[in-house]
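A.B. asks: For reference, the structure I am asking about is given below.
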Amino acid sequence: MDRTEPSLAPQTVRGNALRADFLSGFLVFLIALPLCLAISLASGYPATAGVFTAIVGGLVAPFISNSELTIKGPAAGLIVIVLGCVLEFGGGPQAAPEAQWQAYRMALGVSVVAGLIQIAFALLRSGIFSELFPSSAVHGMLAAIGVIIISKQIPVLLGTIPHAKEPLELLAEIPRLVADANPRIAFLGLFNLLLLFVWPLLPVQWLRRIPGQMAVLLISIFLGQYLDLDHAHSYIFAGREYELNDRFLVNVPDSILAAVTFPDFSGVATAAGIKWIVMFTLIGTLESLLSAKAVDLLDPQRRKTDYNRDLLAVGTGNVLAACIGGLPMISEIVRSKANIDNGAQSRYANMFHGLFLLLFVALLPQLIHRIPLAALAAMLVYTGFRLAHPREFIHIAQVGWDQLAVFCVTLVGVLATDLLVGVLLGIALKIVLHLLRGASPRSLVAPKLEIDQPDERTTRVKVRSSAVFSTWLFLRKALLAVDPRRTILLDFAEAPLVDSSILQKVYDLQEDLRREGRTLLIDGLSDHTATSSHPLASRRKRRGPATMYSNIAN
């Protein structure tokens with residue numbers, strides 16, 4: 001009997017983990033299904049495109065990446081890019097069906113090429129370059145994406161058609177949209193939006209275990225049937241006549257095979273195609289790697305993702321998904337967190353979530369047609385609000401006025417122009433602020449480091465130039481090159497300027513090394529003046545003879 005226990009125990013552990021993954025995969029499927037549909041339609045793609053992506057993300061990506069708990073699939077953060085690509089290729093809500101279909105296929109061609117570039121990035125081990133972006137600009141970009149999603153979805157939520165196309169114009173048009181809203185559709189959309197906000201606050205615990213998105217989906221299907229949206233008819237409200245018909249419902253083909261669409265590569269070599277390939281690649285890679293890093297911090301077992309391998313999985317998934325008509329995918333943070341909260345143990349949870357989605361669209365495609373578009377719009381408005389939540393502004397302001405300036409310039413720049421220009425504007429302001437604070441142009445390109453060993457157990461890395469976001473990779477390489485058996489002492493005492501982004505990345509690296517049993521100590525900040533009391537505030541060396549000499553030398 002004793003001889004059998006060692007062999008049975010591992011089987012029991014694996015069995016328990018598999019059951020936990022199965023349950024978590026099912027619960028994540030309940031969250032993913034409505035979000036995949038909503039993100040697809042908001043991106044100018046057919047409803048099933050996001051489901052295809054999540055299926056590929058579940059059935060292919062887990063066996064390439066070593067990330068155990070991330071869920072791969074479409075994300076709201078990429079809506080703006082995908083929709084922009086479709087619009088520039090001649091698609092959009094007002095386009096003729098043939099033009100919309102062609103623009104969709106050309107966007108798929110762009111996605112395939114972007115996925116191939118992501119694969120090349122992964123093989124060249126260049127995923128780390130995503131860490132070059134300053135955090136305030138990244139947060140400003142995400143907040144702008146949230147505002148754009150809200151502006152695009154409010155007309156759908158209210159059951160009306162906008163005249164404007166650009167985000168700022170759409171926001172200015174809200175009073176007219178409210179006045180022209182279809183009352184019954186607006187009630188359905190606003191009721192579901194309110195439900196999403198109050199669902200986490202419900203006092204009944206077993207109800208809160210049901211994902212809010214799935215609750216909205218089920219309730220909205222019932223309301224859609226009650227309003228008889230399947231059949232064209234009209235009604236009178238406040239003396240005005242309004243139409244109801246199936247254009248307010250999700251349109252899907254009768255079978256999953258009929259939804260498969262192949263890409264058109266005729267646009268990839270054009271100026272527009274090259275622009276969107278760059279956008280798909282850079283923004284998709286950045287969002288995916290940031291999400292994978294965040295999931296590592298949430299993993300109860302503290303497992304560490306190989307980010308280049310994860311990028312390889314995302315790139316491969318993007319190529320496969322685009323070849324059958326799917327949206328771009330990333331490592332998605334919201335569904336990944338739900339996966340962890342539901343007790344997932346391994347990558348099989350992602351696989352099960354993909355299998356459930358495949359079974360649903362294969363066996364019950366007509367159920368999707370009964371979902372009102374206003375309910376999906378409510379989910380996206382809720383998602384957009386979370387991306388542009390007021391606490392984001394408050395948090396950035398607490399870090400420092402300089403970070404708030406970069407955040408706001410990026411946000412307004414994205415809203416007024418596009419994602420790439422907005423982010424570049426934020427980065428440009430960041431550089432200007434560094435120069436005005438005494439950072440030399442040379443210190444923006446490469447740091448001046450001095451490495452010594454003050455004792456037999458410690459290696460000191462002394463930063464003698466301004467420590468800013470653009471030189472982080474050099475500093476990181478120097479810190480990781482230290483003998484793992486030695487304590488690392490990072491000394492900023494002679495640094496004229498220490499940027500907020502550098503501090504954030506240093507603290508993140510400190511935590512990563514701690515989990516590996518290594519020690520990184522930070523010293524030399526006491527002689528600096530911070531822009532605020534926040535621990536991540538940028539710091540400038542106090543003025544004095546030594547500091548002035550240091551600035552001239554650097």
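A.B. asks: Return the only residue of Ile161, Ile154, Ile174, Ile150 being out of contact with any His (no Cβ under 6 Å at 6 or more places or on another chain), closer than 27 Å to Ala322 by Cα and β-branched (Val, Ile, Thr).
C.D. replies: Ile150
A.B. asks: Now, a different point. Would you be able to tell me the number of residues in the range 156-178 that are over 12 Å from Phe248 (Cβ atoms), part of a helix (DSSP H, G or I) and not small (Gly, Ala, Ser)?
C.D. replies: So the answer is 10.
A.B. asks: Can I ask one more? Looking at Leu420, Leu424 in this structure, which one is closer than 15 Å to His139 by Cα and at pLDDT below 90? Even if it seems obvious, please write down each step before you answer.
C.D. replies: On the way: Leu424 fails: at pLDDT below 90.
Answer to the selection: Leu420.
A.B. asks: Sort out which residues of the range 380-395 are surrounded by 20 or more Cβ atoms within 10 Å (Cβ to Cβ) and either in contact with a strand residue (DSSP E or B) (Cβ under 9 Å, 6 or more places away or on another chain) or over 24 Å from Met279 (Cβ atoms) (or both), and write them in order of number.
C.D. replies: Passing the criteria: only Tyr382.
A.B. asks: For the range 464-485, name all the residues that are within 30 Å of the chain's Cα centre (by Cα) and in contact (Cβ under 8 Å) with a residue 60 or more places away in the chain.
C.D. replies: Phe469, Ser470, Trp472, Leu473, Arg476
A.B. asks: Another one. Please find, among Phe222, Phe248, Phe187, the residue that is in the same structural domain as Tyr45 (by TED's automatic domain parsing), touching a Pro at 6+ places or on another chain (Cβ under 7 Å) and not hydroxyl-bearing (Ser, Thr, Tyr).
C.D. replies: Phe248
A.B. asks: Further, regarding this structure: Please verify whether Ser234 is touching a strand residue (DSSP E or B) at 6+ places or on another chain (Cβ under 7 Å), over 19 Å from Tyr382 (Cβ atoms) and not in a loop (DSSP other than H, G, I, E, B), treating the condition exactly as stated.
C.D. replies: Considered against the rule, which asks whether it is touching a strand residue (DSSP E or B) at 6+ places or on another chain (Cβ under 7 Å), over 19 Å from Tyr382 (Cβ atoms) and not in a loop (DSSP other than H, G, I, E, B), Ser234 comes out as yes.
A.B. asks: Continuing with this model, one more query. Taking the range 306-348, which residues are part of a loop (DSSP other than H, G, I, E, B) and not β-branched (Val, Ile, Thr)?
C.D. replies: Across the range 306-348, the qualifying residues are Asp306, Gly325, Gly326, Leu327, Pro328, Met329, Asn342, Gly343, Ala344, Gln345, Ser346, Arg347.
A.B. asks: Could you list all residues from the range 306-333 that are surrounded by 24 or more Cβ atoms within 10 Å (Cβ to Cβ) and either β-branched (Val, Ile, Thr) or not assigned by TED's automatic domain parsing to the domain that holds Thr48 (or both)?
C.D. replies: Val314, Ile330
A.B. asks: Mind listing whichever residues of the range 96-119 are among the aromatic types (Phe, Trp, Tyr) and surrounded by 20 or more Cβ atoms within 10 Å (Cβ to Cβ)?
C.D. replies: The one that is among the aromatic types (Phe, Trp, Tyr) and surrounded by 20 or more Cβ atoms within 10 Å (Cβ to Cβ): Tyr104.
A.B. asks: What about Leu509, is it more than 23 Å from Leu297 (Cα to Cα) and either assigned by TED's automatic domain parsing to the domain that holds Gly140 or not in a loop (DSSP other than H, G, I, E, B) (or both)?
C.D. replies: Spelling it out, it is not the case that Leu509 is more than 23 Å from Leu297 (Cα to Cα) and either assigned by TED's automatic domain parsing to the domain that holds Gly140 or not in a loop (DSSP other than H, G, I, E, B) (or both).
A.B. asks: Working carefully through the options Val80, Val60, Val56, Val113, find the one that is modelled with pLDDT of 95 or more, closer than 16 Å to Gly284 by Cβ, touching a Leu at 6+ places or on another chain (Cβ under 7 Å) and of a type in the set (A, V, I, L, M).
C.D. replies: Result: Val56 is the single residue among Val80, Val60, Val56, Val113 that is modelled with pLDDT of 95 or more, closer than 16 Å to Gly284 by Cβ, touching a Leu at 6+ places or on another chain (Cβ under 7 Å) and of a type in the set (A, V, I, L, M).
A.B. asks: Which pairs turn up if I take residues in the range 390-413 that are over 21 Å from Ile148 (Cβ atoms) and look for partners that are in a helix (DSSP H, G or I) and of a type in the set (A, V, I, L, M, F, W, C) with beta carbon separation below 6 Å, at least 6 apart in sequence or on another chain?
C.D. replies: Hits for this filter: Ala397/Leu404; Asp402/Leu433; Gln403/Ile396.
A.B. asks: For Ala181, work out the one condition from (1) under 30 Å from Val468 (Cβ atoms); (2) part of a loop (DSSP other than H, G, I, E, B); (3) not acidic (Asp, Glu) it doesn't fulfil.
C.D. replies: (1)
A.B. asks: Report every pair of residues separated by at least 6 positions or lying on different chains whose Cβ atoms are under 6 Å apart, first residue within the range 309-323 and acidic (Asp, Glu), second crowded, with 24+ Cβ neighbours inside 10 Å.
C.D. replies: Close Cβ pairs satisfying both conditions: Asp310/Ser65; Asp310/Ser67; Asp310/Ala292.
A.B. asks: Which residue pairs have Cβ atoms under 7 Å apart, sit 6 or more places apart or on different chains, and have a first residue in the range 333-357 that is under 15 Å from Leu298 (Cβ atoms) and a second that is surrounded by 20 or more Cβ atoms within 10 Å (Cβ to Cβ) and at pLDDT below 90?
C.D. replies: Going by the 7 Å Cβ cut-off, the qualifying pairs are Ile333/Ser291; Ile333/Val295; Ser336/Ser291; Ser336/Val295.
A.B. asks: Please state which of the following conditions Arg370 fails to meet, knowing it meets all the rest: (1) in contact (Cβ under 8 Å) with a residue 24 or more places away in the chain; (2) assigned to a helix (DSSP H, G or I); (3) under 23 Å from Leu218 (Cβ atoms).
C.D. replies: Condition not satisfied by Arg370: (2).
The values are calculated or read from the model by the stated rules, or taken from the named source; none is laboratory data. This one's a predicted model, so the numbers in the text were calculated from it and none came from an experiment. Every residue, glycine among them, receives a Cβ derived from its backbone with ideal geometry; neighbour counts consider all protein chains shown.
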